[in-house]
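One structure is given below, encoded as structure tokens.
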Amino acid sequence: MTVLEKESAIRPDALGIDGLTLGIGSGASAVPLLDGVTVRVGRGETVGLVGESGSGKSLTARAALGMFPRGARATGAVTVAGVDVLAAGRAALRDLRRTRASMIFQDPRAAINPVRRVGDYLTEGLRARGVPSREAAATALELLEQVGIRDPRGALRRHPHEFSGGMLQRVVIAGALSTEPDVLLADEPTTALDVTTQAEVIALLKEMQRTRGTGMLFVTHDLDLAAAICDRVYVMYAGRIVEEAAGTALFSAPAHPYTKALLEASPPVHGDRTEIKAIKGRPRSLAEAPSGCAFRDRCPLAGDDCAASVPATRAHGTSAVACVRPEEVAR
Amino acid sequence: MTSETPVLSVSSLVKRFGDVTAVDGVGFELMPGASLGIVGESGSGKTTTARILAGLDEPTSGTVLLAGEPVTGRSRRARLHRARLLQMIFQDPYGSFDPRQTIAESVAEPIRLHLPDLSGADRRARVAELLDQVGLSERAGGSPPRELSGGQRQRAAIARALGIRPRVLVLDEAVAALDVSIQAQILTLLDSLRRDTGIAYVFVSHDLAVVRHITDTAVVMRHGRIVERGDTETILRDPQHPYTRLLLDSIPVPGWDLDRVARDRRALDASR
Ligand SMILES: Nc1ncnc2c1ncn2[C@@H]1O[C@H](COP(=O)(O)OP(=O)(O)OP(=O)(O)O)[C@@H](O)[C@H]1O
Ligand SMILES: Nc1ncnc2c1ncn2[C@@H]1O[C@H](COP(=O)(O)OP(=O)(O)O)[C@@H](O)[C@H]1O
Ligand code: SF4
Ligand SMILES: [Mg+2]
Ligand SMILES: [Mg+2]
């Protein structure tokens, strides 16, 4: 047993999503959204959730907070630091979001009330946990310093519109981590930022996460980014997980045809200039996907057997993959 | 070849908005069939430069020559002349399509405007040819813009821009909002269009990998100025300006060194 395994044997995972199936409506008008999604984030671990638009990344991340589309039915299990999210009532969910799980989004401006001062934004989470106001203010100041805001004292009194996108995202990160959550759900947190700002915000996120031992689910459409910063990566397609692999293995040994196709579709910035290969068709949501393997209308390896049923997940190399012939997916 | 006139020649371009200098002495040349990348951080003046090229903004000073001739003024004649030679494509072309027109009607619009003598049948044939060239089905051509996906809309925007056979296409973050698999489709489409038609590109993007793929030369902008220029490949392999180094090291790769990004930032801050 590694140290990490030993610890996780004693303390529950930061996040465990197990066979989550989600749908809205019923009967003929039923729309499936997620199918059997299983995602685990250990304590202090960085886990990527990658896929193109509509694949269900945000739905999965929000499920960890017990946030589901109106009228949705969820089956399976979602636990955050041992708390059963699907069974939790309103008060328990409020408590969960206040203390155990935080979320940051692509647009920091949507996360902060524009008419309130940054100081109030940062202290409210702490105050809600019963931290006295003087102490909360001191913590807020310390947090702003940690996330690299110049003149943190002045920043406490400023409004969101006085910050650039990158600086405001730092403020949101400070707020999300102020409550020392077990898990941080980061949904495309750097997608709207400059590449250089993205790198700086990522460095900050990783550092904050490392010192606090927070587990992080990092949602992104950027495979390179996920592979560069994540211990493990899940690849999603049409409402299902199609591959789980170590961050480093994704590039050297993609096990699912979709993962490989994504890699071949993105031009490299270093090394040889290689041809890019476009993937025919367009990404699909679960509701529009073909039966059996959802990728089969775009997959170069598809055969009749791919239509029979949704491929079971199985081990291949260091990956877990939902495909009937991963051995043909050499890079 | 060297005696050929640049299809686009920009010199000493300056644009001020009040006391903000958005573009500050930008100049470059684009030969027929060439592809030039403009990269740089947010707010560095890329879009402002692109808009001036397309005649959507007037420069405070400086000149833009298209096929060797100055393009100035906002008269109808001047605008038509410019549009005939240069077309622009934006990140999300949704706003530039009339929601009440079908895609085919929108694609026909510039042809109607610039080639009024073309018969209706010839125009329809040209539109069909264009839609086919960018890989849009007849059905997509008959749809209103809202029924198209982002990638299909971008194809439609390219078809519309190509209709009057311009010599330059200015693309501002034209593939930034697209999914990777769709982005690859548009990039390969742009590759083959340039090969087949000899059109030239000015390609504005924050994505250096994409810029490497689609351009031969590039300029790096910062605070309205060009801080580095050259062959795209050379810039990426051997960046000279501290900002270019920061930009390159900021790209996530296996074994990404985030401390190096921090060092680059300090070097950049110290350099000015
Ligand atoms: N119409 C305008 N009025 C006032 N300022 C403007 C206007 N348009 C641009 N600016 C300013 O000019 C500068 C350059 O803006 P520009 O949009 O060209 O940047 P960019 O390089 O395209 O950035 P991005 O990567 O974010 O698209 C910025 O400081 C911007 O705020
Ligand atoms: N509130 C909702 N009601 C109905 N369908 C939804 C809702 N939210 C998301 N969906 C659908 O679920 C699918 C996955 O969405 P999402 O998780 O947002 O994808 P991603 O974040 O991977 O782009 C999409 O087809 C989307 O249209
Ligand atoms: S199961 Fe078949 S269609 Fe699906 S990814 Fe594997 S080979 Fe392709
Ligand atoms: Mg999303
Ligand atoms: Mg711009």
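Please treat every number below as a calculation from the coordinates, not as lab data. This structure is a prediction, so every number in the text was calculated from the model and none was measured. Because the Cβ atoms are built from the backbone with ideal geometry, glycine has one as well, and the counts that use them run over all protein chains shown.
When region A:218-231 is filtered for residues that are more than 18 Å from B:D257 (Cα to Cα) and either out of contact with any Ser or Thr (no Cβ under 8 Å at 6 or more places or on another chain) or among the hydroxyl-bearing types (S, T, Y) (or both), only A:T220 remains. For region A:229-243, name all the residues that are more than 9 Å from every other protein chain (Cβ to nearest Cβ) and within 25 Å of B:Q183 (Cβ to Cβ). Listed by number, the residues that qualify are A:C230, A:V233, A:Y234, A:V235, A:M236, A:Y237, A:A238, A:G239, A:R240, A:I241, A:V242, A:E243.
Filter region A:303-331 down to residues that are in a loop (DSSP other than H, G, I, E, B) and crowded, with 22+ Cβ neighbours inside 10 Å and give me whichever is farthest from ligand 5 (Cβ to nearest atom). Per the criteria, the residue is A:P311. For region A:270-291, the criterion of being more than 11 Å from chain B (Cβ to nearest Cβ) and touching a helix residue (DSSP H, G or I) at 6+ places or on another chain (Cβ under 8 Å) is met by at least one residue.
Answer yes or no: is there a residue in region A:242-252 that is among the charged types (D, E, K, R), more than 22 Å from A:V41 (Cβ to Cβ) and in contact with a Ser or Thr (Cβ under 6 Å, 6 or more places away or on another chain). No, region A:242-252 contains no residue that is among the charged types (D, E, K, R), more than 22 Å from A:V41 (Cβ to Cβ) and in contact with a Ser or Thr (Cβ under 6 Å, 6 or more places away or on another chain). In summary, A:D35 fulfils each of the numbered conditions (1) surrounded by fewer than 23 Cβ atoms within 10 Å (Cβ to Cβ); (2) away from ligand 3 (no atom under 16 Å from the Cβ) with the single exception of condition (2). For A:T46, which of the numbered conditions (1) more than 23 Å from A:V321 (Cβ to Cβ); (2) more than 16 Å from ligand 4 (Cβ to nearest atom) fails to hold? Here A:T46 meets the rest and fails (1). Considering only residues that are within 16 Å of ligand 2 (Cβ to nearest atom) and not small (G, A, S), look in region A:169-189 and name the one that is farthest from the other protein chains (Cβ to nearest Cβ). Once the filter is applied, the top-ranked residue is A:L185. Which residue out of B:A218, B:A174 is surrounded by 22 or more Cβ atoms within 10 Å (Cβ to Cβ), in a loop (DSSP other than H, G, I, E, B), of a type in the set (A, V, I, L, M) and more than 9 Å from every other protein chain (Cβ to nearest Cβ)? Answer to the selection: B:A174. Exactly one residue among B:G37, B:G68, B:G43 is closer than 26 Å to A:V195 by Cβ, more than 16 Å from ligand 3 (Cβ to nearest atom), touching a residue at least 60 places away in the same chain (Cβ under 8 Å) and not basic (K, R), and that residue is B:G37. Among the residues of region A:271-284, just one is surrounded by fewer than 17 Cβ atoms within 10 Å (Cβ to Cβ) and within 16 Å of ligand 2 (Cβ to nearest atom), namely A:G281. Sort through A:A192, A:A199 and tell me the only one that's facing another protein chain (nearest Cβ under 10 Å) and in a loop (DSSP other than H, G, I, E, B). After ruling out the rest, the residue left standing is A:A192.
Of the residues making up region A:70-104, those that are without any contact (Cβ under 8 Å) to a residue 60 or more places away in the chain and of a type outside the set (A, V, I, L, M, F, W, C) are A:R70, A:G71, A:R73, A:T75, A:G76, A:D84, A:G89, A:R90, A:R94, A:D95, A:R97.
So which residues in region A:255-302 are in a loop (DSSP other than H, G, I, E, B), under 23 Å from the mean Cα position of the chain (by Cα) and not small (G, A, S), if there are any at all?
If the condition is that a residue be in a loop (DSSP other than H, G, I, E, B), under 23 Å from the mean Cα position of the chain (by Cα) and not small (G, A, S), then A:H256, A:R282, A:P283, A:R284, A:F295 are the ones that fit.
For region A:38-51, a residue qualifies if it is surrounded by fewer than 24 Cβ atoms within 10 Å (Cβ to Cβ), part of a strand (DSSP E or B) and either touching a residue at least 40 places away in the same chain (Cβ under 8 Å) or hydroxyl-bearing (S, T, Y) (or both), and the qualifying residues are A:T38, A:V39. Pairing each residue of region A:184-200 that is more than 16 Å from ligand 5 (Cβ to nearest atom) with any residue that is small (G, A, S) and part of a helix (DSSP H, G or I), provided the two are 6+ apart or on different chains, yields C-beta distances under 8 Å for A:L184/A:A176; A:L185/A:A61; A:D187/A:S58; A:D187/A:A61; A:E200/A:G166; A:E200/B:A262. Scanning region B:27-52 for residues that are under 18 Å from B:Q87 (Cα atoms), within 10 Å of ligand 1 (Cβ to nearest atom) and among the hydroxyl-bearing types (S, T, Y) turns up B:T47, B:T48, B:T49.
For region B:74-112, which positions are within 22 Å of the chain's Cα centre (by Cα) and in a loop (DSSP other than H, G, I, E, B)? Those that are within 22 Å of the chain's Cα centre (by Cα) and in a loop (DSSP other than H, G, I, E, B): B:R74, B:F90, B:Q91, B:D92, B:F97, B:D98. Counting the residues of region B:179-210 that are facing another protein chain (nearest Cβ under 9 Å) and within 16 Å of ligand 1 (Cβ to nearest atom) gives 4.
The residues in region A:212-228 that are small (G, A, S), touching a residue at least 40 places away in the same chain (Cβ under 8 Å) and either within 16 Å of ligand 5 (Cβ to nearest atom) or within 14 Å of chain B (Cβ to nearest Cβ) (or both) can be counted, and the count is 2.
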